[in-house]
1. What are the residues in the stretch 175-201 that are in a helix (DSSP H, G or I) and either closer than 15 Å to VAL27 by Cβ or open to solvent by 50 Å² or more (accessible area, probe 1.4 Å) (or both), if any?
2. Can you find a residue in the stretch 89-101 that is farther than 30 Å from GLN388 by Cα and small (Gly, Ala, Ser)?
3. Could you figure out which of (1) in contact with a helix residue (DSSP H, G or I) (Cβ under 6 Å, 6 or more places away or on another chain); (2) modelled with pLDDT of 85 or more isn't true of GLY166?
4. Take LEU67 and decide whether it is open to solvent by 10 Å² or more (accessible area, probe 1.4 Å), more than 27 Å from GLY323 (Cβ to Cβ) and among the aliphatic types (A, V, I, L, M).
5. Can you pull out the residues in the stretch 118-133 that are open to solvent by 20 Å² or more (accessible area, probe 1.4 Å), closer than 14 Å to PHE62 by Cα and part of a helix (DSSP H, G or I)?
6. I need every pair where a residue in the stretch 137-152 that is without any contact (Cβ under 8 Å) to a residue 24 or more places away in the chain and farther than 20 Å from ILE73 by Cβ has its Cβ under 6 Å from the Cβ of a residue that is of a type outside the set (S, T, N, Q) and open to solvent by less than 10 Å² (accessible area, probe 1.4 Å), sequence separation at least 6 or different chains.
7. Is it true that some residue in the stretch 143-161 is modelled with pLDDT under 90, over 14 Å from VAL69 (Cβ atoms) and either surrounded by 23 or more Cβ atoms within 10 Å (Cβ to Cβ) or in contact with a Leu (Cβ under 7 Å, 6 or more places away or on another chain) (or both)?
8. Name every residue in the stretch 303-323 that is open to solvent by less than 10 Å² (accessible area, probe 1.4 Å), more than 14 Å from LEU20 (Cα to Cα) and of a type in the set (Gly, Ala, Ser), in order of residue number.
Amino acid sequence: MEQIEPQNKMAVTPIRKLMLAMGAPIVVSMLMQALYNIVDSAFVANMKENGEAALNALTLAFPLQMLMVAIGIGTGVGANALLSKSLGQGDSKKVNRTAGNAIFLGIVIFVIFLLFGIFGVKMYISTQTSNPLIAEMAVDYLRINMVVSFGLVFFNIFEKLLQAAGHSTYSTIAQIAGAVTNIVLDPIMIYGWCGLPEMGVKGAAYATVLGQIVSFLLSLLFHIRVSRNVSIHPKYWKPSGKIIKEIYTIGLPAIIAQALMSVMTYGMNIILGGVQESMVTAYGLYYKIQQFVLFAAFGLRDAITPIVSFNHGMGNRRRIRDGIRYGMLYTLIVMAIGLIVVEILAGTFSHAFGLSGDANAYFMSAVRIISISFLFAGANVAFQGIFQALDGGLESLIVSVCRQVIFIFPFAIWFAHIAKSSSKYSWLVWITFLIAETLSLIIACVLFKRIYRKKVLILTA
């Protein structure tokens, strides 16, 4: 096998600096993604006609959109970790075959989305609404997003390939360029500015997919220019069952983790709706604000994974230990800052979205209680990145399922039952998240101790 070049920054840059250099651009990228999701909804909600119906249509499409993102990101995460490890081992052949198989998987995923977009969208939407206006808009919006999903799929692939090779700044530039394209095109295409026809929700969909295409094309260009040690020549696209299995051994838990976010939100909406409809409104707003903080943690997780994985491939115990230490430290610092900011600006957020009465009261109590769980959530997210880097896909999956399903729904149902009998106990429902994150963190620590002993302590370097 070829030896790693000494100049490779993943091998020689001090971990504390490398983590910041790689993590900061990814965090910025994630925050931009969270921002334009909110802006996108705001433009649609302010359409001259049927704005509320259009917003409902986008809401119906959201779970499937999140599933698309989950599959793309999860595949990219798996390729990221495997490619980083292969780079650390100096195995250039496996590096190229991993990149090629990631592209092959992207083609397969896009074809599946394309076919479902043509034949399955109408049936999917019909399971959620009988309102013909909302159904028509939802089908139009989701069909465009799925039929033209190649930008989304391949950006997720090339974003992770760039990050795995230590070029996260370029993936962030591509992500921000796509987000800005989306934001700029939204009002133009939705409202019919600059001589274009007014397209409503179709305009929102076209703005979204065009932004994704811009991100994909830029990430492809950057990969060709800067990732010279990772070839994407078509000769490497031939599928390998072994490599695909390795990619999804790591990536499948990431897919499930992303998909569980939609499952959790959907389930909580049903549970909260059984108490009072305004609780759903309050939680919906809080969840969007919370995304800014959690997405920052996800960004650092995506820096932790290639750094630890690369040095795991090299067999460098000291740098693995430093990657874990600084990754966890920086994640907790970001989450602490997020906690302080959200607590201070809670009233400002409520006013900006026009909350009043019960919805405002529920929102404020959600902020005061759920935000405490940010520190525990950040540690759990960091552990998931560490587990993925050390080939611990199962451990990562266990933490995801615990914090978003197993410990959420039983406590939420129990506390919601209490709140329903007496509204003065409604605040109990928000404690669900603190309990879930705390119990999950205990489990994560136990799993980490075991995997660290098996995968890291045995190394001699």
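The values are calculated or read from the model by the stated rules, or taken from the named source; none is laboratory data. Keep in mind that what you see is a predicted model, and the values were worked out from it rather than measured. Ideal geometry is used to build each Cβ from the backbone, glycine not excepted, and the neighbour counts take in all protein chains shown. To get the accessible areas, we keep the full protein, side chains included, count just its heavy atoms, and leave off ligands, DNA and RNA. Shrake-Rupley method; radii C 1.70, N 1.55, O 1.52, S 1.80 Å.
1. Within the stretch 175-201, the first condition is being in a helix (DSSP H, G or I), and the residues that meet it are 175-191, 201.
Selection gives GLN175, ILE176, ALA179, VAL180, VAL184, TYR191.
2. Quick first cut of the stretch 89-101, residues farther than 30 Å from GLN388 by Cα only: none.
The answer is no, given that none of the residues of the stretch 89-101 is farther than 30 Å from GLN388 by Cα and small (Gly, Ala, Ser).
3. For GLY166, the exception is condition (2).
4. Values: open to solvent by 10 Å² or more (accessible area, probe 1.4 Å): yes; more than 27 Å from GLY323 (Cβ to Cβ): yes; among the aliphatic types (A, V, I, L, M): yes.
Against the criterion (open to solvent by 10 Å² or more (accessible area, probe 1.4 Å), more than 27 Å from GLY323 (Cβ to Cβ) and among the aliphatic types (A, V, I, L, M)), LEU67 qualifies.
5. Hit for the stretch 118-133 is TYR124, nothing else.
6. Going by the 6 Å Cβ cut-off, the qualifying pairs are VAL139/VAL121; VAL139/ILE125.
7. Step one: filter the stretch 143-161 for residues modelled with pLDDT under 90, giving 156-161.
Going one step further and asking which of them are over 14 Å from VAL69 (Cβ atoms), we end up with 158, 161.
Going one step further and asking which of them are either surrounded by 23 or more Cβ atoms within 10 Å (Cβ to Cβ) or in contact with a Leu (Cβ under 7 Å, 6 or more places away or on another chain) (or both), we end up with 158, 161.
The answer is yes, given that some residue of the stretch 143-161 is modelled with pLDDT under 90, over 14 Å from VAL69 (Cβ atoms) and either surrounded by 23 or more Cβ atoms within 10 Å (Cβ to Cβ) or in contact with a Leu (Cβ under 7 Å, 6 or more places away or on another chain) (or both).
8. SER309
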